[in-house]
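Have a look at the structure below, then the notes.
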């Protein structure tokens, strides 16, 4: 592994690598798929604040409320309602917009619904990713492509140590399998159409995939997700019902993921295939890998009350233990978590509390921008 940071990355000056990368987005044409989702809304808000020329590409938000609607993001970024399974429509949008950077987040993103409709999950997450990559291949303006998958792409052996980028793909459930397949499709396109040896001669596209998951943060109202279910119950004064209290996950604030995506998008644009291929983003400290019950109890405490109870009915299979090794991202990219799990939960509870007090778009935009600014000011190697 090459451990020397690129120019402009850690060790090259007084600016952090994140600061350097964010400066590169000003005036850049960025296509963001999935901008109406949870992570996509945070990215759209951040990119708009950086002065990027953003086109959001997505279907309608999955439900009400949503962060997209709460922030009224359609007033901040241009958008097109396009299904990534429709290649002709997708290619037409990409050709007309001519982006330099493509951030692909559009997906069906939940384990349990994938059991109910596996074909929709596989069509969206596998063929949708293939369509994005093919549209990028046929669009001359594209230089940098970040494909966001999931930590669940790995063949899970319930190890106590973290999976590395070269560990085998797998997937017990249709969702996890779809993310493993999306990774294989991405690797295939890199090898077949965007090989490093031909960069600058036969092509000019650098592609990376990013494996992260279990993001927490304000604005997530997804059905059948732990933190939204928890916040809905607390807001309504109900006990929080949890399925797997002892399941362990690498929780991280949504801005940690967004920062990694933005850093990779900029690094690919500046340095090409040097930053291509797969990347893990996850907590570094094992103290940030919490069981579900501890996370819920902490959110109840931060909210000022509430309780949790375990669902008694038999549940579909989900992994019990899941950790990632992000050594590659910390050494080569210079990405490091800035918020410990306890801090991430404080920010999450504060966002929902602010929304409960005043859900107006103006107020929630201010809250969201302030959390982004605070994240940028935070220590890149926190002690608490």
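Given the structure, is residue 132 in contact with a strand residue (DSSP E or B) (Cβ under 7 Å, 6 or more places away or on another chain), touching a residue at least 60 places away in the same chain (Cβ under 8 Å) and not in a helix (DSSP H, G or I)? Steps first, please.
Working: in contact with a strand residue (DSSP E or B) (Cβ under 7 Å, 6 or more places away or on another chain): yes; touching a residue at least 60 places away in the same chain (Cβ under 8 Å): yes; not in a helix (DSSP H, G or I): no.
Taking the combined requirement at face value, the residue does not satisfy it.
Any residue in segment 50-69 that is in contact with a helix residue (DSSP H, G or I) (Cβ under 6 Å, 6 or more places away or on another chain) and at positive phi?
no
Where residues in segment 86-118 are exposed (fewer than 15 other Cβ atoms within 10 Å of the Cβ) and either touching a helix residue (DSSP H, G or I) at 6+ places or on another chain (Cβ under 8 Å) or modelled with pLDDT of 95 or more (or both), which of them is farthest from residue 151 (Cα to Cα)?
As a first pass, look at segment 86-118 and keep what is exposed (fewer than 15 other Cβ atoms within 10 Å of the Cβ): 86, 88, 92, 95-96, 98, 115-117.
Those still in the list that are either touching a helix residue (DSSP H, G or I) at 6+ places or on another chain (Cβ under 8 Å) or modelled with pLDDT of 95 or more (or both) too: 86, 88, 92, 95-96, 98, 115.
On the way: 86: 26, 88: 30, 92: 31, 95: 31, 96: 33, 98: 30, 115: 18 Å.
So, considering only residues that are exposed (fewer than 15 other Cβ atoms within 10 Å of the Cβ) and either touching a helix residue (DSSP H, G or I) at 6+ places or on another chain (Cβ under 8 Å) or modelled with pLDDT of 95 or more (or both), the one farthest from residue 151 (Cα to Cα) is 96.
So which of 228, 245 is out of contact with any strand residue (DSSP E or B) (no Cβ under 8 Å at 6 or more places or on another chain) and outside any strand (DSSP E or B)?
Numbers: 245 fails: out of contact with any strand residue (DSSP E or B) (no Cβ under 8 Å at 6 or more places or on another chain).
The unique qualifying residue is 228.
Have a look at 290, 279 and point out the one that is modelled with pLDDT under 95 and either crowded, with 17+ Cβ neighbours inside 10 Å or under 22 Å from residue 19 (Cβ atoms) (or both). Give the steps one after another, and end with the answer.
Values: 279 fails: modelled with pLDDT under 95.
Just one listed residue meets the conditions, 290.
The values are calculated or read from the model by the stated rules, or taken from the named source; none is laboratory data. Keep in mind it's a predicted model, so treat the numbers as computed, not measured. Quick reminder, even Gly has a Cβ in these numbers, built from the backbone with ideal geometry, and neighbours come from all protein chains shown.
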